[in-house]
Amino acid sequence: MPLTDKAVQSAKAGPKPRKIADEKGLFVLVQPSGGKLWRLKYRHLGKEKKLSLGRYPEVSLKEARERRDAARKIIADGIDPSQTARAAKIAAVQREAMTFKLVATEYIDKIEAEGRAAVTVSKSRWLLTLLEPSIGHLAVDAITPAELLAALRKVERKGHLETARRMRSLASRVFRYAVATSRAAGDPASVLQGALTAPVVKHHAALIEPAKVGALLRAIDGYDGQPMTKLALKLAPLVHLRPIELRTAKWNEIDIEQAIWRIPASKMKMRKMHHVPLCKQALSILKEAKSLTSRFEYVFSSLYPGTRPMSENTLNAALRRLGYSGDEMTSHGFKSIASTLLNESGLWSSDAIERALAHNDRDTVRAAYHRGQHWDERVRMAQWWADYLDGLRSSIPT
């Protein structure tokens, strides 16, 4: 006797699973937990099999019968619907594994495991979040240049030209990775070179006139915010580092006794270990910092909870608090100050200055030579520079 909706709805669970038959092999399996599952019993190549057709009430009696009839037509053609269903599930899993988001995540995990700098990995993950809403759910082998361009245009229209350019670059690397792992046939991002508006190169703002540098140093001395922020601001002019290298400094990188700071290659833009000679003034600042954060991993630790380095916005925010706009001075500008004034002094070789600024030398033999030959000069230059800054600080214009 065929089932009715009321009969299925009122079917009670028992201590064991029980079957309630409909017709043409369809039955509902009532589980001890109360769940009701649609099943189709059929034979294929002489063997009895069962096919899952869904769960009641999500699949109604009417829909279960429609699924039964569709399966019986497949069986009549000599095809096993269970195998067809498994193949469909496998195909769905494969399609899911080939979305842009998942391939991109796999690529970023790969470069992280290969030792790429944490900032590079972090920026890549951020750029992916910008691409994800538009193309993250699409199969990586089916994305067209037009679809990618539309995603980039959304960011470009907001005025974020450099971000859009970096998004295209990341997408290109992901597509090339997909090609290398046999999940795509080409790179649709490559044909978009030149399609985006090129950003105007803007150098990091910095003060390069000695009198203005002196005024900046005096302003830093009068900073009344967080003590660790003040110490970081005081150290920044002395060590010629990028803000991320300064704020993520770890105590195990710094040898106060030997007056040297060894920054691992993973943190450096050029992926080469960098040695910083520490002048007397820098050592004094670090000793003061140690009295505050020696129990933490990072020299300039965020005090709450103390497990992370200082925020990337902290130093720029402090400069704004001191009255310097973004067009006048940024935390990255301390490198520009050093580069300009050290070169203008005429006292030091350009090779020693470039080494101090951690600029790359494409000739590896020449680079190795520089590390050995210019260290002593860099040590002298570091102390001269600190003394020179002290002189600028005390030279108050009349």
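A few notes on this one:
- When residues of segment 121-153 are limited to those that are of a type in the set (S, T, N, Q) and surrounded by 15 or more Cβ atoms within 10 Å (Cβ to Cβ), the one farthest from the chain's Cα centre (by Cα): SER134
- Condition met for LEU233 (in contact with a helix residue (DSSP H, G or I) (Cβ under 6 Å, 6 or more places away or on another chain), of a type in the set (A, V, I, L, M), surrounded by 19 or more Cβ atoms within 10 Å (Cβ to Cβ) and not in a loop (DSSP other than H, G, I, E, B)): yes
- In segment 1-119, counting only strands (runs of 3 or more DSSP E) that sit wholly within it, the ones holding 3 or more residues that are modelled with pLDDT under 90 and surrounded by 15 or more Cβ atoms within 10 Å (Cβ to Cβ) span 47-56.
- Total residues in segment 1-45, condition acidic (Asp, Glu) and over 24 Å from PRO81 (Cβ atoms): 1
- Per the listing SER172, SER266, the residue uniquely closer than 30 Å to SER291 by Cβ and hydroxyl-bearing (Ser, Thr, Tyr) is SER266.
- Condition met for ALA211 (of a type in the set (Gly, Ala, Ser) and surrounded by fewer than 21 Cβ atoms within 10 Å (Cβ to Cβ)): yes
- In segment 256-291, the residues that are free of Cβ contacts under 8 Å to residues at least 12 places away in the same chain and among the hydroxyl-bearing types (Ser, Thr, Tyr): SER284, SER291
- If only residues of segment 19-44 that are free of Cβ contacts under 8 Å to residues at least 24 places away in the same chain and among the aliphatic types (A, V, I, L, M) are counted, the one that is nearest to PRO2 (Cα to Cα) is ALA21.
- In segment 374-398, the residues that are within 11 Å of GLN281 (Cβ to Cβ) form no Cβ pair under 7 Å with any partner that is modelled with pLDDT under 90 and not in a helix (DSSP H, G or I), whether six or more places apart or across chains.
- The residues of segment 144-177 that are touching an Asp or Glu at 6+ places or on another chain (Cβ under 7 Å) and touching a residue at least 12 places away in the same chain (Cβ under 8 Å), listed by number, are ALA164, SER172, PHE175.
- Filter pass, SER291 being polar (S, T, N, Q) and surrounded by fewer than 17 Cβ atoms within 10 Å (Cβ to Cβ): yes
- Single residue of segment 154-171 satisfying the filter (of a type outside the set (A, V, I, L, M, F, W, C) and under 9 Å from LEU127 (Cβ atoms)) that is surrounded by the fewest Cβ atoms within 10 Å (Cβ to Cβ): SER169
- Filtered by the rule that a residue be touching a Leu at 6+ places or on another chain (Cβ under 9 Å) and among the hydroxyl-bearing types (Ser, Thr, Tyr), segment 36-76 gives TYR42, SER52, TYR56.
The values are calculated or read from the model by the stated rules, or taken from the named source; none is laboratory data. These figures come from a predicted structure and were not determined experimentally. Ideal geometry is used to build each Cβ from the backbone, glycine not excepted, and the neighbour counts take in all protein chains shown.
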